[in-house]
Amino acid sequence: MENAYIAVDLGAESGRVMAGPASDPVVVHRFPTLNVALRGSRFWDFPYIFHEIKLGLAKAFESCGDRLVSIGVDTWGNDYGLFDDQGDLLGLPYHYRDRRTDGAMEGFFRDVMGWERLYGLTGIQRLQFNTCFQLYAHRKAKGDQLLRASRLLTVPDILNYWLSGTMAGEYTEASTGALTSAETRYWAWEVIDALELPRSLFSPMVQPGSDLGRLRSDLAAELGAPPHLRVVAPACHDTGSAVAACPAEGEDWAYLSSGTWSLLGTELRRPRLDGA
């Protein structure tokens with residue numbers, strides 16, 4: 001029988017779990033990706049989101065059984081969570097629309113690094129919720145929390161860790177927050193050092209298609225998963241996965257990816273870093 005796969009696709013408003021052969025997957029579960037307002041700040045309700053993912057996985061296991069080969073997760077960009085040295089989450093991750101980033105971009109350019117240098121390193125457009133600006137705001141408001149953290153994981157990295165037990169930083173997700181070098185395809189240490197963050201916060205970076213290991217044994221037992229099921233990091237930023245799926249050939253095409261907002265672009269052989 002044809003191999004089957006699970007895709008967990010999370011947007012800023014809703015999520016879905018799909019399962020089946022690559023040529024004909026079906027949606028087995030849908031749910032809203034909830035966020036909550038607490039004490040004047042906005043956070044993602046991650047325990048709830050992971051609970052809904054587990055419900056979807058259980059349905060996928062029931063429908064596809066031993067044909068399933070792997071799980072892949074993609075999500076929205078820029079947000080992150082902090083973990084202690086025991087691997088536990090230090091509070092709920094902030095929502096990218098939390099007001100703490102009001103003025104953070106201007107502060108970053110004044111105190112950390114100018115726009116031209118940041119763009120020359122990362123090639124990422126300036127949006128106030130980019131991860132680098134969120135981290136600037138976090139450091140200014142709650143720097144002690146960053147000092148207590150052992151690891152920083154982006155949203156899909158959190159889910160991959162909870163699924164596989166492996167802490168890794170997937171490239172496309174990290175890149176969208178202006179934390180990776182467009183030339184080296186690894187962490188932009190100049191940006192991270194300028195933010196005065198310890199390099200140990202950041203996990204080894206992996207490229208799309210990396211195998212992160214088997215589904216955690218406790219989850220496999222809880223949900224009735226096939227024993228051989230692997231967790232694989234796709235292009236974990238949802239736009240990266242969408243563009244990778246475009247049925248296009250050659251170099252004379254563009255994409256329009258529409259979700260919470262629309263992104264228009266194309267693929268280049270090398271990044272354009274010569275004009276901001």
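Any idea of the accessible area per residue across the chain, 1.4 Å probe, to the nearest Å²?
Working: 13290 Å² over 276 residues.
Per-residue accessible area for the chain comes out at 48 Å².
Rounded, prolate or oblate: which fits segment 1-112, taking a ≥ b ≥ c as square roots of the Cα gyration tensor eigenvalues, rounded meaning a/c under 1.5, else prolate when a/b beats b/c? Could you put the intermediate results ahead of the total?
On the way: a/c = 2.51, a/b = 2.31, b/c = 1.09.
Here segment 1-112 falls in the prolate category.
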Go ahead and run the numbers for FRET between Arg99 and Tyr255, Cβ-Cβ distance against an R0 of 30 Å, rounding to 0.05. 0.40
Folded to 0 to 90 degrees: helix 131-148 orientation relative to the chain principal axis, Cα: 90 degrees
Rg to Rh for the chain: what is it, with Cα atoms only and Rh by Kirkwood? 0.96
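Between Ala248 and Leu263, what length in nm is gained on full extension when 0.36 nm per residue of separation is reduced by their alpha carbon distance?
Details: separation 15, 0.36 × 15 = 5.40 nm, distance 1.69 nm.
Answer, rounded to one decimal: 3.7 nm.
Kirkwood Rh over alpha-carbon pairs of segment 228-276, then Stokes-Einstein at 20 °C and 1.002 mPa s: what D in µm² s⁻¹, rounded to an integer?
On the way: Rh = 13.0 Å.
It diffuses with D of about 164 µm²/s by this estimate.
Give, rounded to the nearest 20 debye, the magnitude of the charge dipole that the chain has about its Cα centre when Lys and Arg contribute +1 at Cβ and Asp and Glu contribute -1 at Cβ. Walk me through the numbers on the way to the answer.
Numbers: 26 positive and 35 negative charges, 120 e Å.
Charge dipole of the chain: 580 debye, to the nearest 20.
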Cut-off under 5 Å, modelled amide H: who pairs with Leu212 long-range: Val231, Val232, Ala233
What are the chymotrypsin sites (Phe, Trp or Tyr not before Pro) within segment 122-155 that DSSP puts in a loop, where the Cβ has at most 16 other Cβ atoms within 10 Å? none
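For Glu222 and Leu127 in the same chain, what is the full-extension length gain: residue separation times 0.36 nm, less their Cα-Cα distance, in nm?
Length difference between fully extended and current span is 30.2 nm.
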Work out, step by step, the length gained on full extension between Asp274 and Arg67: first 0.36 nm times the residue separation, then minus their alpha carbon distance; give nm to one decimal. 69.7 nm
Rounded to the nearest 10 degrees, what's the angle between the helix 155-164 long axis and the longest principal axis of the chain, both from Cα atoms, 0 to 90? 40 degrees
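Just flag the trypsin sites (Lys or Arg not before Pro) in segment 52-111 sitting in loop per DSSP whose Cβ has no more than 16 other Cβ atoms within 10 Å.
Numbers: sites: Lys54, Lys59, Arg67, Arg97, Arg99, Arg100, Arg110; in loops: Arg97.
Taking segment 52-111 and a limit of 16 other Cβ atoms within 10 Å, the loop trypsin sites (Lys or Arg not before Pro) found are Arg97.
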Projecting the Cα atoms of Ala248, Ala194, Ala220 onto the charge dipole of segment 175-276, where Lys and Arg contribute +1 and Asp and Glu -1 at Cβ, the residue farthest towards the positive end is Ala220
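Can you give me the % of accessible surface on the chain that is carbon or sulfur? Probe 1.4 Å, all protein chains present, nothing else counted.
Details: 6540 of 13290 Å².
After summing per-atom areas, the C and S share lands at 49 percent.
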Expressed in angstrom and rounded, the centroid-to-centroid distance over alpha carbons for segment 43-95 and segment 213-276 is 16 Å
May I ask for the angle, rounded to the nearest 10°, between helix 46-64 and the longest principal axis of the chain, with both axes built from Cα atoms and the value confined to 0 to 90°? 30 degrees
Longest exposed-loop-site-free stretch of the chain, with GluC sites (Glu not before Pro), DSSP loop and at most 15 other Cβ within 10 Å? 14-182
Glu13 versus Leu147, label points 7 Å from Cα toward the beta carbon: distance in nm? 4.2 nm
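Suppose a student asked you for the relative contact order of the chain, using Cα pairs under 8 Å spaced at least 6 residues apart; what percent would you report?
On the way: 530 pairs, mean separation 54.1, N = 276.
About 20 percent, as a whole number.
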Probe 1.4 Å, all chains present, heavy atoms only: Trp162 accessible area in Å², nearest 10, is 60 Å²
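With an 8 Å cut-off on Cα pairs and a minimum separation of 6 or more residues, tell me the relative contact order of segment 34-112 in percent.
Numbers: 56 pairs, mean separation 26.7, N = 79.
Relative CO of segment 34-112 lands at 34 percent.
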Among all the aspartates and glutamates, which ones have a C-alpha under 13 Å from Lys59's C-alpha, if same-chain residues fewer than 8 places away are not counted? Glu222
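Kindly sort Val17, Val232 by accessible area of their heavy atoms, largest first, with the probe set to 1.4 Å.
On the way: Val17 0, Val232 40 Å².
The ranking, largest first, comes out as Val232, Val17.
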What nm value, rounded to one decimal, do you get for the distance between Glu106 and Asp85 when each label is placed 7 Å out toward the C-beta? 4.0 nm
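The values are calculated or read from the model by the stated rules, or taken from the named source; none is laboratory data. What you see is a predicted model, and the numbers here were worked out from it, not measured in a lab. When we count neighbours, we look across all protein chains shown, and the Cβ atoms used for this are built from the backbone with ideal geometry, even at glycine. Ligands, DNA and RNA are stripped out before the accessible areas are found, and what is left, the full protein with its side chains, is counted by its heavy atoms. Shrake-Rupley method; radii C 1.70, N 1.55, O 1.52, S 1.80 Å.
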